[in-house]
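Rule-based calculations on the coordinates, nothing more; no lab input. Model, not experiment: these values are computed from the prediction. Glycine gets a Cβ as well: all are built from the backbone with ideal geometry, and neighbour counts include every protein chain shown.
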């Protein structure tokens, strides 16, 4: 709302009902409101802030949260100013740029200060000119540099002056430059005398180097992406702390006699492959942290060097390969950090490893098989081919990596017979919000689909029930013994039947499904209650769903810790129970009286499993309704 100095609401700028006002939900998304139009006259003392009507109150109240206080701001000129960004471009060119505050997309200010309301600021380059740029200085709260933009996030200081080094691709010097350090200081002098140093992309260095030379490469060569130090010797033997942190290196060849990687030494680079010499026996904290493209490491030291969890955190090791010396695979595989690589290979040829992409997917693997690691171009129907040509060789596509399919654009996924490995949540239940079906080639030896639902035949497990599958009822096939974690995130399903073979329901199997709503039904055909993970269902499901179980297992289900938590646990009327026929000579119904022509004892249950009667009386009065009678070695269903 626009509010005057005396607290009067001058105008409601935007209104939403039933907004969640928890941090990071309601006003945690206040950037959505930054381009609203105010029709009232605005004075110097007017402010804009969130207000709320809680619990149907009639009086508007201010939203008072530390998160929301940042929106308590002056509204003059309908512009909120929190920080000013001035951008300077260094280099031998005059590439223009456009800067704007996200949320005010039509207010471009070329070569002018850019005003931020704690929103992201993009500097976007013309699409008709190839280019790249890097940050020279200073450091910022949060800065992300990509090929075609620099993104400032959550600027919290009043002013910044940003200095960028920019050049077009044809100005980059891509051929490798060789430098030999013969005397102290000669390397820096060679580079200082080289007017092209800003544009050099690839160098090799031989001779004795120290921290100052490494700092020079890091800070004074903004376009440097490839470094060969194989013939260099670093003073002290260790790659210094923060040596090339966030440099954006794509390749680095380490010195042959290197002893270790310092703290943060290669953190947040774009290295995809790394050959680590045998002499390395130390990995500093965060040494390779968040090198997100790193999929291949070759180790020559046969000793398993312990590393902190953060050394390899954020790398792509789940989809990558670790080459280790002969006879050491088991030792590395059992290590809690090195063992997290998707593949560990003894000896072998690192050249057999491939990491590449086509127009649709990224892949990684070792000849002749690759795994899909990322969807580059999501489409409505994703059809996976059986083979792909990478680096001139044909590979079999045999796996899908962790959380690969996670786009709301995808409606269908078609899996070929060659896919035999799926990573954790390979088809993300939270990401594929429009997915209606998953089809699997009938010749696939590991996976199959039933009605668009994905199963693992080797473990008899339901893996993924598509989130947007529109059918309201589904029967899980007989023979299935388990339902995987997060298997069903579906918005429509209101009735599901578990087979008699089911033994286990995994964590959050149905906790985000439509089963948590009223008038939903769960039918279990299993005589023995399947084990339920504590979080398999949402708490509302336990309250609102009607759960039907076999008539002769009702007491067992009630006594079970998981199933006994359901409020509406009922007998499945179709579980082998016959209706009483008119010619049944030992049972007669007269009005509300049940007449039994037998001296044998009987048990009478309601369909909710409640025992109404137990004994051998010949006449029993019952309220109107359905009942299950057990006696004379048989079970019958009657209606009074």
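Can you tell me the FRET efficiency between residue 174 and residue 208 if r is taken as the Cβ-Cβ distance and R0 is 25 Å, rounded to the nearest 0.05?
For R0 = 25 Å, the calculated efficiency reads 0.35.
For region 178-353, what does the relative contact order come out to in percent, with C-alpha contacts under 8 Å and a separation of six or more?
Result for region 178-353 is 13 percent.
Grab the Cα-Cα distance for residue 192 and residue 60, subtract it from 0.36 nm times how many residues apart they are, and report the gain in nm with one decimal.
41.1 nm
Which three extents, in angstrom, do the Cα atoms of region 356-571 have along their principal axes, listed largest first?
64, 29, 25
With viscosity set to 0.890 mPa s at 25 °C, what whole-number translational diffusion coefficient in µm²/s follows for region 251-380 from Stokes-Einstein and a Kirkwood radius over Cα pairs?
Translational diffusion coefficient: 163 µm²/s.
At 0.36 nm per residue, and after removing the present C-alpha to C-alpha distance, how many nm does the segment from residue 430 to residue 590 gain when stretched out fully?
Full extension of this stretch gives 51.9 nm more.
Does a label point 7 Å from the Cα of residue 503, set along Cα-to-beta-carbon, have any residues of region 445-465 with amide nitrogen under 13 Å, and which are they?
Counting only backbone N, you get 459-461.
How high is the FRET efficiency between residue 293 and residue 639 when r is their beta carbon distance and R₀ equals 56 Å, given to the nearest 0.05?
That gives a FRET efficiency of 0.25.
Restricting to region 425-579, compute how many DSSP beta bridges are antiparallel as a %, nearest 5.
Once the DSSP bridges in region 425-579 are tallied, antiparallel ones form about 25 percent.
Quick one: if the Förster radius is 60 Å, what FRET efficiency do residue 329 and residue 617 give, using the C-beta to C-beta distance and rounding to 0.05?
The calculated FRET efficiency here is 0.20.
Starting from the Cα gyration tensor of region 459-540, take the square roots of the eigenvalues, sort them a ≥ b ≥ c, and report rounded, prolate or oblate (rounded when a/c is under 1.5, otherwise prolate if a/b is larger than b/c, else oblate).
It comes out rounded by the Cα gyration axes.
Please give, to one decimal in nm, the separation of the simple spin-label points placed at residue 473 and residue 182, each 7 Å out from Cα toward the Cβ.
8.9 nm
Residues of region 365-383 with backbone nitrogen within less than 15 Å of a virtual label 7 Å along the Cα-to-Cβ line of residue 359, please, listed as ranges.
376-383
How fast does region 303-432 diffuse by Stokes-Einstein, in µm²/s, taking the Kirkwood radius from C-alpha pairs at 25 °C and 0.890 mPa s?
For the chosen part, D equals 156 µm²/s.
Need the C-alpha centroid separation for region 466-480 versus region 609-640, integer Å.
Going from one Cα centre to the other spans 35 Å.
Please give the contour-minus-distance gain from residue 446 to residue 414: 0.36 nm per residue of separation, less the Cα-Cα distance, rounded to one decimal in nm.
Additional length available on full extension: 10.1 nm.
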